[in-house]
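What follows is a short report on a single structure.
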Amino acid sequence: MHLSTKLGCVANFMNEIRFFQKNIRDWEAFERDIKSGESSNPDKLSAMYIRITDDLSYANTFFPGSQAAKYLNQLTSEVHATIYRHKPVAKKGVKHFWMVTLPLINYSIRKEIAISFAIFVVAMLIGIVSNQNDETFARLIMGDAYINMTNANIASGDAMAVYKSMNRADMFMGISINNIRVSFITFLFGLLTPVGTAFMIIQNGIMLGVFQSYLAQNGLLLASSATIWVHGTLEIFAIIVAGAAGIVVGNSILFPGSYARTVSFARGVRKGAMVVFGLMPVFLMAAFFEGFVTRYTTAPYFIRFGIAGLSLGFIVWYFFLLPRRILKTQK
C-alpha cells in the first residue's frame with residue numbers, strides 16, 4: 001500500500017472518530033428518550049428523526065460499514081419503530097419517502113417556511129403599494145411588452161387572454177420547466193447565505209403584488225383572483241417552500257452549531273435538495289392547472305375558487321397535518 005493511501009486511511013479514521021465524539025452524546029440522549037418514553041412530543045420526535053437520518057446518511061457516505069454507521073442504522077430503526085408503535089413497519093421505498101420521510105422533513109423546516117412566507121407577503125405588499133403610488137412601477141417590474149399586452153386584453157374584454165395564448169400541452173411543458181427552474185435557482189441562491197434566497201423570494205412577491213394590483217386598478221380584482229389562484233395556490237406556495245429550502249442551506253453555512261461547517265453545509269444541502277425534489281409533483285400539478293384549467297376564465301366562480309380551495313386544503317394536509325399525525329401515532 002502506498003504511503004499516500006495509508007495516510008488517507010488514517011485521515012479518514014480520524015475524521016470518523018471526530019464525527020463520533022462530536023455527536024455520541026446527542027445519540028445516546030435520543031436513545032434514552034426513546035427507551036424512557038420521553039420522546040412523545042411531536043416536535044421533539046420530528047427533530048430526532050431528521051437528525052438521526054441525516055447523521056446516518058453522512059456516516060454511510062463517508063464512513064460506510066463503520067461502527068458509527070451500524071449504531072445509527074439501529075437507532076434510526078428504533079426511532080422509526082417508535083413513530084409506528086401501533087402500526088406495522090412499512091418497507092422503506094418510494095411510498096415511505098413521499099408519505100413519511102418528506103412530510104417529516106417539511107415539518108422540520110416549518111420555521112423556515114414561515115419566514116419565507118412572511119418575506120413573500122411583505123414583498124407582495126411592497127409591490128401593491130408601489131404600484132398604487134407610481135404609475136410607472138408596473139412597467140418597470142413587468143416590462144412594457146407585458147403591460148401593453150395586458151392593456152390590449154383588457155380593452156378587448158378578455159383580460160385573462162394570456163392564459164389562452166398557447167397550445168395546452170406546450171403551455172404545460174413550458175410552465176413546468178420554468179417553475180422548476182425558478183425553484184432550483186431560489187434554492188441555490190441559499191449558497192449566498194439566506195440573503196440570496198430572500199432576494200429571489202422578494203422578487204417573486206413584488207411581481208405578484210404588482211400584477212394583482214394592476215388588474216385591481218382596472219376593476220378586475222375578483223375576476224383576476226379567481227383565475228390566477230386556480231394554479232397560483234400551488235405554484236406560489238411551492239416557490240415559498242423552495243425559498244425555505246434555500247434558507248436552510250444559508251443557515252447551515254452561517255450557523256453550523258456543533259458540526260464542522262463543511263458537515264453542516266452538507267446536511268443543509270441534502271435536506272434542502274430533498275425538499276425541492278419533493279416539490280416537483282406540486283409544480284407539475286400547478287402547471288397542469290395553468291395549461292389546461294386556468295384558460296377557462298368564464299367558468300363559475302365557485303368552480304375556480306373551489307379548485308384553489310382544494311389546493312389549499314392539500315397544502316395544509318400534506319405539509320402540516322400529515323407529519324403531525326405521523327408523529328402522534330406513537331402515543
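Each value in this text was obtained by applying a stated rule to the coordinates, not by laboratory testing. Not measured: the values here are computed from a predicted model. As a convention, Cβ positions derive from the backbone with ideal geometry for all residues, glycine included, and neighbour counts pool all protein chains shown.
A few remarks follow.
- Computed [θ] at 222 nm, deg cm²/dmol, the chain (DSSP H ≥ 4; -39,500 (n - 2.57); rounded to nearest 500): -25500 deg cm²/dmol
- Between the range 232-251 and the range 270-328, the Cα center-to-center distance that results, in Å: 13 Å
- Once Rg and the Kirkwood radius are both taken over the C-alpha atoms of the chain, their ratio Rg/Rh works out to 1.07.
- Charge-dipole axis of the chain as Lys and Arg at +1 and Asp and Glu at -1 on Cβ define it, positive-most pick from TYR71, ALA223, LEU125: TYR71
- Backbone HN-Hα couplings from phi across the range 166-174 [Karplus 6.51/-1.76/1.60, Hz, Gly and Pro as x]: 10, 4, 4, 5, 5, 5, 4, 5, x
- Net charge of neighbours whose Cβ lies under 13 Å from the Cβ of SER176, counting Lys and Arg as +1 and Asp and Glu as -1: -1
- Projected label points at ARG110 and PHE320, each 7 Å from Cα along the beta carbon direction, are separated by 0.8 nanometres.
- ILE185 paired with GLN217, simple spin-label distance in nm, labels 7 Å along Cα-to-beta-carbon: 2.5 nm
- Loop sites here are GluC sites (Glu not before Pro) outside DSSP states H, G, I, E and B with no more than 15 other Cβ atoms within 10 Å. The longest part of the chain free of them is 136-331.
- Packing-based ranking, highest mean first, of 62-75, 193-206 given that Cβ atoms within 10 Å are counted: 193-206, 62-75
- 0 to 90° range, to nearest 10: angle between helix 301-316 axis and the chain longest Cα axis: 10 degrees
- Summarising the label geometry, the points placed 7 Å from Cα in the beta-carbon direction at PHE199 and GLU78 lie 4.6 nm from one another.
- For the residue pairs LYS70/LYS271; LYS70/LYS111; LYS95/LYS271; LYS164/LYS271, the C-alpha atoms sit more than 30 angstrom apart in LYS70/LYS111; LYS164/LYS271.
- With θ taken as phi - 60° and the Karplus curve 6.51 cos²θ - 1.76 cosθ + 1.60 applied, the whole-hertz 3J(HN,Hα) list for the range 226-231 is 4, 7, 4, 7, 4, 9 Hz, x standing for glycine and proline.
- Charge dipole of the chain about the Cα centre (unit charges at C-beta), most positive-ward option of PHE19, PHE305, PHE319: PHE19
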